[in-house]
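Below: the structure, in C-alpha cells.
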Amino acid sequence: MSDKKPERRDFLFTASYAVGAVGAAAVVWPLIDQMNPDASVKALASTEVDVSSVKRGNTITVLWRGKPVFIRRRTEEEISEARSVKMEDLIHPEKDEDRAKNPEWLVMLGVCTHLGCVPLNDKGDYDGWFCPCHGSHYDTSGRIRKGPAPLNMEVPKYEFVNANTIKIG
Amino acid sequence: MSDHDYTPSSKVGKWFNDRLPLLTLANHLTDYPTPKNLNYWWTFGGILTFCLITQIVTGLTLAMHYIAHADMAFESVEHIMRDVNYGWLIRYIHANGASMFFLAVYIHIFRSLFYGSYKSPREIIWIIGIIIYLLMMAAAFMGYVLPWGQMSFWGATVITNLFSAIPLVGEGIVTWLWGGYSVDNPTLTRFFTLHYLIPFLILGLVVLHIWALHVPGNNNPVGIDIKKPSKDTVPFHPYIVIKDGFALLMFMIVFAFFVFYSPNILGHADNYIEANPMVTPAHIVPEWYLLPFYAILRSVPDKLLGVVAMLSAILILAVLPWLDTSKIRSAVFRPLYKQFYWILVADVLILGYMGAMPAEGLYLLIARVATAYYFLHFLIILPVLGFKEKTIPVPLSITESVLGGTPNLAAARNKESLEKSE
C-alpha cells in the first residue's frame, strides 16, 4: 500500500467517505438533540414566591424547574454558626456571606449534590440538612460537611422583588 | 456437522428447504449433539428463554393499558390492577418475572464461573452474555420507573445522577437524559420507549448467543473437549428437551409461588405512593438483583470513583476469559479455585445484604472489605491461581468420568502436556 502512489480513485474514496460522514452526523444530530429540554420546559424558567408567612427557623420548599428549592429564614444562632466556620474545615469552601446575601434568608436547591435526593431539614451532625439516601451532612449554610456529596447545595439565581417576594430563576 | 446432508422427507419440504433452509436449521437444533453429562445447572439457558418470552408477552399486553404520562402513569397501573380483566395477574407475572429472570441469570452466570464455560473457545458466547446482562439491568431499571411511584421516581433520579459524576460533560448528559432539569414527563416517555425496545434487542442477542454456542458446542461438568457426535453426546431432542422441560416446570412452581402467594414481597411498599419530587423516601433501595453493585457504589466515599468502581465490577466480567489463566475449565479439577469460587459467591451475597442496609458503621466497613475482595478475586487471585494451582488430572472422556473408574493418570498427564505444548 505505502509504496503505491495515491491515485484519483483514492482521492474520490476519501472525499466520498468524508461527505458521507458529515451527512450521517447531520442526520443523527436532530435525533440526539430532540432529547434535550424542549421549548416548553425551558419556558418554565422562573417562579415568584411569597415568603411573608415564613417564620424564623422555618423552611418552605417550592418547586422550580421540577426541583425543590429550600427557602429558610434562619435564626441568629444558625447565621453565627454558619459564619464562624473556618474555610479549611469545608470540603467545598464557600463563605456563608456569598451564599446568603441577606443573612436571614438562605435560598438553595434542595437537591443533594451526590445523586439528587432531597435532604431532610434540621437533621444531621451540623444542624442543617441530612440526605437519607447515602448519608451526606450539610451545615446551616447548606454546605457539605460529611458524606459522599462533592459540592455544597447549589444557590440558584434569585432576587427579592420586594420585601416579601423572592423571584427564583 | 452432519446436518449439511439433511434432506426433508416430503416433496414440499424439500421444495421449501431448497429455497429457505429452515428445515435444515430445525434438524440441526433437534439433532444437535449435547454432552451426555449435563447436570441441572445447564437447564437455565432454556429457563431464561422462557423468562424472556414471558416478559415480552406480558409486557405487550400491559402496554395496551398503560399510559406513559407523568400525570396518568400511576393511575393507569392501578387501573390495570383493578379494572382490566386479569390485569392484576399479567402485571404480577411481569413484575415478578423480572426477579425470576435475574434469579435464573445469576444461576446461569455462576454455573459458567464454576465450570469455566467462559474460557476458550467460548469467549464470544460469554461476552454476548454479559451484554445481554447489561441490557437486562437497563430494561429492569427503566421498567421499575414506569409505575411512577416514589421508588420509581427516586430510583430514576439517583441512577441518572450517576452520569453527573463524569467530569465536565456530566451535568449536560444528565439534562439530556432527563429532557429537562429534573426527572419528569419527558424522562418517563423515553424510558417507556427504551423499555419496549430493549427486550427485542435482547432477543436478537440471544440468537447470537445460541449461534455462538452451537459452534464449539456446550461445555460440560467435566470441562473437557469432546468429539461430536460420539458416545459422549446425546441428541438435543428428546434428551435435553425433556430435562430442560422438567427443570422449567420446577422453576415455574417457584415463579407461581411468588405471583400467587407473595406478589409484592420482592417490591417496595413506597412504590404504591405516587411520585413526589418534593420528598425523598427515607430508604432508597434498588431491586434486590442490583444490590451487590449498589453496595460497591456506596462503599467508595468519592462520587466519581464510586461510579467507576460500580461499573468496573460489571465490566470486569467481560475480560474474565483473559484474567483466568488456568487451562483447566471445570472447578471439579481445580481444588483451590473451587474454594475461591465459593468465597466469591459468599462475597457477592454479603455485598447484596450490605446494599440493603444503611451505609454506615459496621455495614459500611463490611461492604468495603467485600468490595475490595471482589476486585481482588478477579484481578489478583484468578490470574495467579492459573500458574500456582496443582490441578487434579482430568478424565479423557465423559464416559470415563461417568463410569467412575480411576482416571488413567499416565494418559491424563500425557494429554495435559500435549495441551500445554499446543
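The values are calculated or read from the model by the stated rules, or taken from the named source; none is laboratory data. All values derive from a computational prediction rather than experimental measurement. Neighbour counts run over all protein chains shown; Cβ positions are idealised from the backbone, glycine included.
Only a single criterion out of (1) without any contact (Cβ under 8 Å) to a residue 12 or more places away in the chain; (2) assigned to a loop (DSSP other than H, G, I, E, B); (3) closer than 25 Å to residue B:158 by Cα; (4) not charged (D, E, K, R) is not satisfied by residue A:45, namely (1). The residues of the range A:143-156 that are assigned to a loop (DSSP other than H, G, I, E, B) and either modelled with pLDDT under 90 or within 12 Å of another protein chain (Cβ to nearest Cβ) (or both), listed by number, are A:147, A:148, A:149, A:150, A:151, A:154, A:156. Scanning the range A:129-142 for residues that are within 13 Å of chain B (Cβ to nearest Cβ), surrounded by 24 or more Cβ atoms within 10 Å (Cβ to Cβ) and in contact with a Pro (Cβ under 8 Å, 6 or more places away or on another chain) yields A:129, A:131, A:136. Just one of the listed residues (A:111, A:107) is under 15 Å from the mean Cα position of the chain (by Cα), within 14 Å of chain B (Cβ to nearest Cβ) and of a type in the set (A, V, I, L, M), and it is A:111. So, residue A:66, is that one within 13 Å of chain B (Cβ to nearest Cβ) and not hydrophobic (A, V, I, L, M, F, W, C) or not? Yes. Looking only at the range A:86-94, decide whether some residue is among the acidic types (Asp, Glu) and assigned to a loop (DSSP other than H, G, I, E, B). Yes, there is a match, as at least one residue in the range A:86-94 is among the acidic types (Asp, Glu) and assigned to a loop (DSSP other than H, G, I, E, B).
Results for (1) part of a strand (DSSP E or B); (2) in contact with a Gly (Cβ under 9 Å, 6 or more places away or on another chain), shown as yes or no for each residue.
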{"site": "B:28", "(1), (2)": "no, no"}
{"site": "B:34", "(1), (2)": "yes, yes"}
{"site": "B:41", "(1), (2)": "no, no"}
{"site": "B:48", "(1), (2)": "no, no"}
{"site": "B:52", "(1), (2)": "no, no"}
{"site": "B:55", "(1), (2)": "no, yes"}
{"site": "B:69", "(1), (2)": "no, no"}
{"site": "B:78", "(1), (2)": "no, no"}
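Listed conditions (1) touching a residue at least 24 places away in the same chain (Cβ under 8 Å); (2) out of contact with any helix residue (DSSP H, G or I) (no Cβ under 9 Å at 6 or more places or on another chain) are all met by residue B:142, apart from (2).
Selection over the range B:162-192 of residues that are under 16 Å from residue A:154 (Cβ atoms), touching a Ser or Thr at 6+ places or on another chain (Cβ under 9 Å) and among the polar types (S, T, N, Q) gives a count of 2.
For the range B:107-226, list the helices (runs of 4 or more DSSP H) that sit wholly inside it and hold at least 2 residues that are among the hydroxyl-bearing types (Ser, Thr, Tyr), within 11 Å of chain A (Cβ to nearest Cβ) and more than 14 Å from the chain's Cα centre (by Cα); which are they?
Values: elements: B:123-145, B:150-161, B:170-178, B:185-214.
By residue number, B:150-161, B:185-214.
A single entry from A:59, A:140 fulfils the requirement of being over 24 Å from residue B:164 (Cβ atoms), touching a residue at least 60 places away in the same chain (Cβ under 8 Å) and part of a loop (DSSP other than H, G, I, E, B): A:140. Would you check if residue B:364 is of a type outside the set (Lys, Arg), touching a residue at least 40 places away in the same chain (Cβ under 8 Å) and either in a loop (DSSP other than H, G, I, E, B) or away from chain A (no Cβ under 14 Å) (or both)? No, not satisfied. Can you tell me which residues in the range B:50-78 are farther than 20 Å from residue B:276 by Cβ and either at pLDDT below 95 or out of contact with any helix residue (DSSP H, G or I) (no Cβ under 7 Å at 6 or more places or on another chain) (or both)? Selection gives B:53, B:57, B:60, B:64.
Return the only residue of B:336, B:266 being within 30 Å of residue B:185 (Cβ to Cβ) and more than 14 Å from chain A (Cβ to nearest Cβ).
Working: B:336 fails: within 30 Å of residue B:185 (Cβ to Cβ).
The unique qualifying residue is B:266.
Residue selection: residue B:371 satisfies the criterion of being out of contact with any Pro (no Cβ under 6 Å at 6 or more places or on another chain), at negative phi, at pLDDT 95 or above and surrounded by 14 or more Cβ atoms within 10 Å (Cβ to Cβ). Scanning the range A:124-137 for residues that are hydroxyl-bearing (Ser, Thr, Tyr) and assigned to a loop (DSSP other than H, G, I, E, B) returns a single hit, A:126.
One residue stands out among those in the range B:269-289 that are assigned to a loop (DSSP other than H, G, I, E, B) and away from chain A (no Cβ under 14 Å): the one that is nearest to residue A:69 (Cα to Cα), which is B:273. Set side by side, the residues B:284, B:296, B:316 differ, and just one is surrounded by fewer than 17 Cβ atoms within 10 Å (Cβ to Cβ) and of a type outside the set (Phe, Trp, Tyr), which is B:316.
Residues in the range B:324-360 that are part of a loop (DSSP other than H, G, I, E, B), surrounded by fewer than 18 Cβ atoms within 10 Å (Cβ to Cβ) and either at pLDDT 95 or above or not acidic (Asp, Glu) (or both): how many?
Filtering the range B:324-360 for residues part of a loop (DSSP other than H, G, I, E, B) gives B:324-330, B:334, B:357-360.
From what is left, the residues that are surrounded by fewer than 18 Cβ atoms within 10 Å (Cβ to Cβ) are B:325, B:327, B:358, B:360.
Narrowing the set further to residues that are either at pLDDT 95 or above or not acidic (Asp, Glu) (or both) leaves B:325, B:327, B:358.
Residues meeting the conditions: 3.
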